[in-house]
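Colleague: Below are the structure tokens for one structure; questions will follow.
Throughout, read-outs are computed from the coordinates displayed, never taken from laboratory work. Just so we're clear, the structure is a prediction, and the values are computed from it rather than from any experiment. Glycine also receives a Cβ, built like all others from the backbone with ideal geometry; neighbour counts cover every protein chain displayed.
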There are 2 protein chains.
Amino acid sequence: MTPQEFPQLITAALAVLDYGQAPETLYDPLRYIMGLGGKRIRPQLTLFGAYLFTDDLGPAVKPALATEVFHNFTLLHDDLMDQAPLRRGQPTVHEKWNPNTAILSGDVMLVRAYELFLDLKPELLPAILRRFSQTAAEVCEGQQWDMNFETETTVSIAQYLDMIRLKTAVLLGFALELGARIAGAPEADAEHLRQFGTAIGVAFQLRDDLLDVYGDAATFGKRVGGDILSDKKTFLLLTAQAQASFTQQEILRQHIGQPVPDAEAKIAAVRAVYDELRIRAQTETLIETYFQAALQHLDRVAAPEARKAPLRHLTLQLMERES
Amino acid sequence: MTPQEFPQLITAALAVLDYGQAPETLYDPLRYIMGLGGKRIRPQLTLFGAYLFTDDLGPAVKPALATEVFHNFTLLHDDLMDQAPLRRGQPTVHEKWNPNTAILSGDVMLVRAYELFLDLKPELLPAILRRFSQTAAEVCEGQQWDMNFETETTVSIAQYLDMIRLKTAVLLGFALELGARIAGAPEADAEHLRQFGTAIGVAFQLRDDLLDVYGDAATFGKRVGGDILSDKKTFLLLTAQAQASFTQQEILRQHIGQPVPDAEAKIAAVRAVYDELRIRAQTETLIETYFQAALQHLDRVAAPEARKAPLRHLTLQLMERES
């Protein structure tokens, strides 16, 4: 089994998962959201975490799927909380069914995620489920911070970075650590992989923030400028607010949190302030800082260089994606 | 430790549980709903399940709390789905905070429930978490059936009984089985306790249905006739619909699923049909059938009679409660 085959392995394993049958109104939404696709990054990372230390990836497969089921559970409930109409271009579960179904189908997904760990060797189980539970709680904390920030007037850059670490990055770290633990890796290596995954997770999210403003409309999947339009307190906006001159502050104040008569004018005005403050370059520098810190953790993992190379390659690919 | 001390032990153990700190908007609702009280029946049953086989109840305490945290998680999400304004006479979480907080705080409660099992001996953990996960999924299935029934025109009595078994009874069965497994009870005894708990759970719910119609307004906590008013498809209504004469069918049709100009008149008319059909006696007979079946399972548990007696006593007390 080579890393190029991981996506097929994950697709095949997901295809035969039995989430439950009756009532269909409970389990159909679960199959629906899992069927919407996605890059399956988290289960790939779990397989990578194992592959660094062993050729026997079998025991890592179901726990790898657990990270994907959990991730989709968070998407399902987050979409409901955010009242998002679409997910991967398709109607969200609360739109296609109703809010109650989204709540309850999400709940049972979290249960199914836990179940996917239970074939692990009993001696591995307590530590892994402790780490999974901690990660799951952190993801909830991150989502709650994100919702809190919407109504808070002052959010610091440190708070924002901590929010995205909790909401999105820790699960990537856990996915890698999980594979390493299943493969029997030493504690120190599992920990370095966790830190590697968490750091690339923060870098990915910062890159998402950047693409939302500076992405190519042709390749970026969403509307460029969406974060600006919705007054989202991203790293870019918080940095601009922290560094703006009196004149720039005034421009930001005229547009952020105000009625929007002209969407394109708002996006252009805010982006002009970003440009003056060189927010793009500053964000790229921070992304590079997280990325380099991540790579240093990977360097310190005691695994064959030939096995680390494809993981580095995947990470680089994900960093350079345009959508 | 005697069974009379179980409630104090549970209260003390709940009081020192650390659910998490920040953000407060995530964890305060969790503390709030756990603090609303209740009879703590499920953790008591877990302690009983262990007490039948051992004097060492220590390892059963945190898993006992897991059943209570899980139960309150289901209350939190069910109250949101049912748009219930009050829980134990206090505002529900989605009323006191907001729906999104109810979703997310509930999610983290389910995670905390799982965490409370993780101090168990590793060799016990897979089987117990498999049974807990199965039970948790069944509770979700029961809630979904209950919601489906609201809009279905024909619900059979068998479907209704299966719904209450899933939605409320299986967790009581699991709570008992859990204690037995932790105490190292033989598989057959754990299974008898599970069946005992599930049967009394169905009996309790049928008794709730009965009290809702025939309870004493002075001692019953809720409005008598509430189920009739809301057209809830209970065992009483479904049985009446199945057995009604043409005339009685017509009376039921005039009131069920129709606008309610006079609430007391509706309750009186439907109750008159119930009385003619001796629905009260029929329900009492079914309750007694479940109760006797439950006791037969308890009889077959290989534990000292002196230890079973207090469990039988608690069950009887709960059966005879008036609210």
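Colleague: Around B:Phe132, with a cut-off of 11 angstrom between Cβ atoms, what is the net charge of the other residues, counting Lys and Arg +1 and Asp and Glu -1?
Modeller: Numbers: positive: B:Arg130, B:Arg131, B:Arg181; negative: A:Glu115, B:Glu138, B:Glu177.
Result for the neighbourhood of B:Phe132: 0.
Colleague: Also, I was wondering about something else. Where does each of A:144-150, A:73-79, A:83-89 land if you order them by average Cβ count within 10 Å, highest first? Don't skip to the end; give the middle numbers.
Modeller: Numbers: A:144-150: 18.9, A:73-79: 23.1, A:83-89: 12.3.
Sorting A:144-150, A:73-79, A:83-89 by mean packing, highest first, produces A:73-79, A:144-150, A:83-89.
Colleague: Going 7 Å from Cα along the Cα-Cβ axis for the label, what nanometre distances separate B:Asn148 from the same residue across the other copies?
Modeller: From this label point to the equivalent ones elsewhere in the assembly: 4.0 nm.
Colleague: Something else about it: Sort A:Leu316, A:Leu238 so that the residue with the fewest other Cβ atoms within 10 Å of its own Cβ comes first and the one with the most comes last.
Modeller: Numbers: A:Leu316 13, A:Leu238 21.
The fewest-first ordering by Cβ neighbours comes to A:Leu316, A:Leu238.
Colleague: Return the single residue from A:Ala136, A:Ala50, A:Ala12 with maximal mean-square fluctuation; model: Gaussian network over chain A, springs between Cα atoms under 10 Å.
Modeller: Most flexible of the set in this elastic network: A:Ala12.
Colleague: Please tell me which of these pairs span more than 21 angstrom C-alpha to C-alpha: B:Lys167/B:Lys233; A:Lys121/B:Lys121; A:Lys121/B:Lys62? Before the final figure, lay out each step's value.
Modeller: Numbers: B:Lys167/B:Lys233 15 Å; A:Lys121/B:Lys121 13 Å; A:Lys121/B:Lys62 23 Å.
Check vs 21 Å cut-off fails for A:Lys121/B:Lys62.
Colleague: Tell me the angle of helix B:41-51 to the major Cα principal axis of chain B, expressed in degrees between 0 and 90 and rounded to the nearest ten.
Modeller: With both axes taken from Cα atoms, the answer is about 40 degrees.
Colleague: Over all residues in B:149-161, what is the mean tally of Cβ atoms on other chains that come within 10 Å of each residue's Cβ? Working shown, then result.
Modeller: On the way: counts 0, 0, 0, 0, 0, 0, 0, 0, 0, 0, 0, 0, 0.
Averaged over the peptide's residues, the number is 0.
Colleague: Over the alpha-carbon set of region B:186-323, work out the extent along each principal axis and list the three values in angstrom, largest first.
Modeller: 57, 32, 21
Colleague: Efficiency by 1/(1 + (r/R0)^6): what FRET value for B:Glu5 and B:Thr153, r their Cβ-Cβ distance, R0 = 60 Å, to the nearest 0.05?
Modeller: Details: r = 50 Å, r/R0 = 0.84.
Result of the calculation: an efficiency of 0.75.
Colleague: Next question. Counting pairs of Cα atoms in the protein assembly as shown, how many percent are more than 35 Å apart? Can you show the working numbers first?
Modeller: Numbers: 100084 of 208335 pairs.
Distances greater than 35 Å cover 48 percent of the Cα pairs.
Colleague: If I histogram all Cα-Cα distances within region B:112-220 using bins 5 Å wide from 0, what percent of pairs lands in each bin?
Modeller: Going out from 0 Å in 5 Å bins, region B:112-220 shows 2, 11, 18, 19, 17, 13, 9, 6, 3, 1, 0 percent.
Colleague: In whole Hz and in residue order, list the ³J(HN,Hα) couplings for region B:172-188 that follow from phi through the Karplus curve 6.51 cos²θ - 1.76 cosθ + 1.60, θ = phi - 60°; x for Gly and Pro.
Modeller: 3J(HN,Hα) across region B:172-188, in whole Hz: 5, x, 5, 4, 5, 4, 4, x, 4, 5, 5, 7, x, 5, x, 3, 4.
Colleague: Whole angstrom only: what separates the Cα centroid of region A:215-287 from the Cα centroid of region A:19-49?
Modeller: Answer, in whole Å: 35.
Colleague: Shifting gears a bit: Does chain B classify as rounded, prolate or oblate by the C-alpha gyration tensor (a ≥ b ≥ c root eigenvalues; a/c under 1.5 gives rounded; else a/b over b/c gives prolate, otherwise oblate)? Provide the component values of the computation, followed by the final result.
Modeller: Numbers: a/c = 2.10, a/b = 1.40, b/c = 1.50.
Here chain B falls in the oblate category.
Colleague: A further question on this structure: Helix A:305-320 sits at what angle to the longest principal axis of chain A, using alpha carbons and giving 0 to 90 degrees rounded to 10?
Modeller: 30 degrees
Colleague: Follow-up question, since we're still on this one. May I ask you to work out the translational diffusion coefficient for region B:169-223 at 25 °C, viscosity 0.890 mPa s, via Stokes-Einstein with Rh from the Kirkwood sum over Cα pairs, reported in whole µm²/s? Before the final figure, lay out the partial values.
Modeller: Values: Rh = 12.4 Å.
Estimated via Stokes-Einstein, D reaches 198 µm²/s.
Colleague: Could you give the nm distance between label points at B:Ala268 and A:Arg130, where each point is 7 Å from its Cα heading toward the beta carbon?
Modeller: That separation, rounded to one decimal, is 6.5 nm.
Colleague: Report, in deg cm²/dmol and to the nearest 500, the calculated mean residue ellipticity at 222 nm for the protein assembly as shown, where each DSSP H run with n ≥ 4 adds -39500 (n - 2.57) and the sum is divided by the residue count. Working shown, then result.
Modeller: Numbers: 32 runs with 457 residues, N = 646.
Value at 222 nm, helices only: -23000 deg cm²/dmol.
Colleague: Report, as an integer, the average count of C-beta atoms from other chains found within 10 Å of each Cβ along B:97-103.
Modeller: 4
Colleague: Follow-up question, since we're still on this one. Which ³J(HN,Hα) values, rounded to whole Hz and listed in residue order, are derived for region A:127-144 from phi using the Karplus coefficients 6.51, -1.76 and 1.60 in 6.51 cos²θ - 1.76 cosθ + 1.60 with θ = phi - 60°, glycine and proline given as x?
Modeller: Ordered by residue, 3J(HN,Hα) equals 5, 5, 5, 5, 5, 5, 5, 4, 4, 4, 5, 5, 4, 4, 4, x, 5, 5 Hz.
Colleague: Under 5 Å between amide hydrogens, which residues at least 5 positions from B:Arg87 or on another chain qualify, with H placed 1.01 Å from N in the peptide plane?
Modeller: Answer set, sorted by chain and number: B:Thr92.
Colleague: What residue among B:Leu295, B:Leu26, B:Leu118 shows peak mean-square fluctuation when chain B is described by a Gaussian network model with Cα springs under 10 Å?
Modeller: Judging by the Gaussian network model, the answer is B:Leu118.
Colleague: Still on this structure, please answer the following. If you take each beta carbon of peptide A:111-117 and count the beta carbons of other chains within 10 angstrom, what is the mean?
Modeller: Values: counts 11, 3, 2, 9, 7, 1, 3.
Partner-chain Cβ atoms within 10 Å, mean over residues of A:111-117: 5.
Colleague: Over all distinct alpha-carbon pairs, what is the Kirkwood Rh of region A:1-133 in angstrom? Please report the intermediate quantities before stating the final value.
Modeller: Numbers: mean 1/r = 0.0646 Å⁻¹.
About 15.5 Å, per the Kirkwood formula over Cα pairs.
Colleague: Let me ask something else about it. Which whole-Hz couplings ³J(HN,Hα) result when phi for each residue of region B:257-270 is put into the Karplus expression 6.51 cos²θ - 1.76 cosθ + 1.60, θ = phi - 60°, listed in order with x for Gly and Pro?
Modeller: Working through the residues one at a time gives x, 10, x, 10, x, 9, 4, 5, 5, 4, 4, 5, 5, 5 Hz.
Colleague: What is the helix-to-structure angle for A:246-255, meaning the angle in degrees between its Cα long axis and the longest Cα principal axis of chain A, kept from 0 to 90 and rounded to the nearest 10?
Modeller: The answer is roughly 70 degrees.
Colleague: What do you get for GluC sites (Glu not before Pro) in region A:71-130 restricted to DSSP loop and a cutoff of at most 12 other Cβ within 10 Å of the site's Cβ? It would help to have the intermediate numbers written out before the result.
Modeller: Details: sites: A:Glu95, A:Glu115, A:Glu123; in loops: A:Glu123.
For GluC sites (Glu not before Pro) across region A:71-130 that sit outside H, G, I, E and B with at most 12 neighbouring Cβ atoms in 10 Å, the list reads A:Glu123.
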